[in-house]
Amino acid sequence: MNFIQILAVIAVSLVELSLSGELTFELPDNEKMCFYENVEQGQQATLEFQVITGGNYDVDMELTAPNGQVLYKDIKKQYDSFTWTAQYKGIHTFCFSNEFSTFTHKIVYFDLQVGDERPAVEELGDHQTAMTLMETSSVNIFESLKAVLDFQTHHRLREAQGRAFAEDLNERVLYWSIGESVVVILIGIGQILVLRSFFTNTHKTPASTVRAS
């Protein structure tokens, strides 16, 4: 491999990394959203999902095969990962439900990987001799880039979840502080009125009349 081929390998790696089945979407309250993926028979697939924001960070999730068989089902799940091998060729359906929530929207992230990963360079699949040092380095770079992208994705999810929790907590503390301030002001006004009543004589003393005897 020459230098141009090495650059091509890295470019292919970046393109391959960016073309992943990832999606972040908003799931309204009392709603159910389904997604569809065509999986060949015998292919292995992995579905990973996580609730980023909203309520108790939980959703219902159900995965159904083309013949209607339920492959995976769980309720009020915050995050999970499920791997299966397709027994039938066709459209697999996975649905996220927020029907149990009455007013809280959810932000949900999922990552779907179908089939085996393509090699860094297609020619390496038919490689009959030992790889050169340059080819080995290219493959290592490709694997390292995938690991970096995976770590970045999970760190971004945790950062987004932590930020949403911090903003929600800040909003609650703000409202609680405003409520406490109003109560303190009302108590202060009440105390002033009570103290004024102690020093104000509201009863008039009747004038004494002197009668001449």
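The values are calculated or read from the model by the stated rules, or taken from the named source; none is laboratory data. Since this is a predicted model, take the numbers as computed values, not measurements. Backbone-built Cβ (ideal geometry, glycine too); neighbour counts: all protein chains shown. These area figures cover heavy atoms from the full protein model, side chains too; ligands, DNA and RNA do not enter into them. Shrake-Rupley method; radii C 1.70, N 1.55, O 1.52, S 1.80 Å.
What are the pairs with Cβ atoms under 6 angstrom where one residue, in the range 83-102, is farther than 27 Å from Ile52 by Cβ and the other, located anywhere, is of a type in the set (A, V, I, L, M, F, W, C) and in a strand (DSSP E or B)? Sequence gap at least six, or different chains.
The qualifying pairs are Ala86/Val39.
Let's see how each residue does on (1) in a loop (DSSP other than H, G, I, E, B); (2) open to solvent by less than 70 Å² (accessible area, probe 1.4 Å); (3) at pLDDT 85 or above:
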{"position": "Leu7", "(1), (2), (3)": "no, no, no"}
{"position": "Val15", "(1), (2), (3)": "no, no, no"}
{"position": "Phe35", "(1), (2), (3)": "no, yes, yes"}
{"position": "Ala45", "(1), (2), (3)": "no, yes, yes"}
{"position": "Phe49", "(1), (2), (3)": "no, yes, yes"}
{"position": "Pro66", "(1), (2), (3)": "yes, yes, yes"}
{"position": "Leu71", "(1), (2), (3)": "no, yes, yes"}
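Any idea how many residues of the range 78-92 are within 16 Å of Cys34 (Cα to Cα) and buried (at least 16 other Cβ atoms within 10 Å of the Cβ)?
Going through the range 78-92 one residue at a time, the tally reaches 1.
List every residue pair whose Cβ atoms sit under 9 Å apart, with the two residues 6 or more apart in sequence or on different chains, where the first one lies in the range 167-192 and is open to solvent by less than 90 Å² (accessible area, probe 1.4 Å) and the second, anywhere, is hydroxyl-bearing (Ser, Thr, Tyr).
Matching pairs, first to second residue: Asp168/Thr53.
Does Asn56 satisfy being surrounded by fewer than 13 Cβ atoms within 10 Å (Cβ to Cβ), modelled with pLDDT of 90 or more and polar (S, T, N, Q)?
It is false that Asn56 is surrounded by fewer than 13 Cβ atoms within 10 Å (Cβ to Cβ), modelled with pLDDT of 90 or more and polar (S, T, N, Q).
Restricting the search to the range 91-106, which residues are modelled with pLDDT of 90 or more and assigned to a strand (DSSP E or B)?
Result: Ile91, His92, Thr93, Phe94, Cys95, Phe96, Ser97.
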